[in-house]
Amino acid sequence: MEPIYDTSLMGFHVALYEDRLTFKKVMQEEKTIPLHQILSVTPAGALVQKITIQTTTGRKIEVPVSLTKKKPLCEAIEQAKAKYLEKNPDAQEAVSRAQVTCPKCGSTQITAQKRGFSMGRALVGGVVGGFIGSKKIILTCLVCGHTFKPGSE
């Protein structure tokens, strides 16, 4: 099968097909991402030669792309993904289930961070008590500010 879009830069080759995106660094094995697993494709700043691909599995891949090919590649990936999901409704359902949304407002603009040291817990339980629960992950909605734990509805 011939790629829809094909580009190379700095020893990094990217090929877009009807159902997948492949990329390969020189002297390394080729990696493949199915189109239905691509959550977002973001071009870096105006003078930066790369795009960032975020997947539904949590992977973040930075791909070097020339400045002139950056925007066309992002658009080609988004169009190919839309066509693929249109032809494969089961994949569309899997994508919507994999996306994290705010339980309060429904936004998908979510950030995650560790809870950190708490002065309140330190006052109650001593210095060691301040670190209890500090490694727990807290999700925060960037739209409404609501905080919640992963896995909660």
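Since every read-out is calculated from the coordinates, none of them should be taken as a lab result. As the structure is a prediction and not an experimental result, all values here were calculated from the model. Cβ coordinates were reconstructed from backbone atoms using ideal geometry, including for glycine residues, and neighbour counts include every protein chain displayed.
Go through the range 42-88 and give me each residue that's more than 17 Å from the chain's Cα centre (by Cα), in contact (Cβ under 8 Å) with a residue 40 or more places away in the chain and more than 19 Å from TYR17 (Cβ to Cβ). Of everything in the range 42-88, those that are more than 17 Å from the chain's Cα centre (by Cα), in contact (Cβ under 8 Å) with a residue 40 or more places away in the chain and more than 19 Å from TYR17 (Cβ to Cβ) turn out to be GLN49, SER66. With respect to the conditions (1) within 28 Å of ILE110 (Cβ to Cβ); (2) without any contact (Cβ under 8 Å) to a residue 60 or more places away in the chain, MET10 lacks only one, and its number is (1). When the range 35-48 is filtered for residues that are buried (at least 18 other Cβ atoms within 10 Å of the Cβ) and in contact with a strand residue (DSSP E or B) (Cβ under 8 Å, 6 or more places away or on another chain), the ones remaining, listed by number, are LEU35, GLN37, ILE38, LEU39, VAL41.
For residues in the range 1-34 being of a type in the set (Asp, Glu) and out of contact with any strand residue (DSSP E or B) (no Cβ under 6 Å at 6 or more places or on another chain), which is farthest from THR68 (Cα to Cα)? Going through the qualifying residues, I end up with GLU29. Step by step: first the residues of the range 49-87, then only those that are among the polar types (S, T, N, Q) and out of contact with any helix residue (DSSP H, G or I) (no Cβ under 7 Å at 6 or more places or on another chain), then the one that is surrounded by the fewest Cβ atoms within 10 Å (Cβ to Cβ). Which residue is that? Filtering the range 49-87 for residues that are among the polar types (S, T, N, Q) and out of contact with any helix residue (DSSP H, G or I) (no Cβ under 7 Å at 6 or more places or on another chain), the one surrounded by the fewest Cβ atoms within 10 Å (Cβ to Cβ) comes out as THR68.
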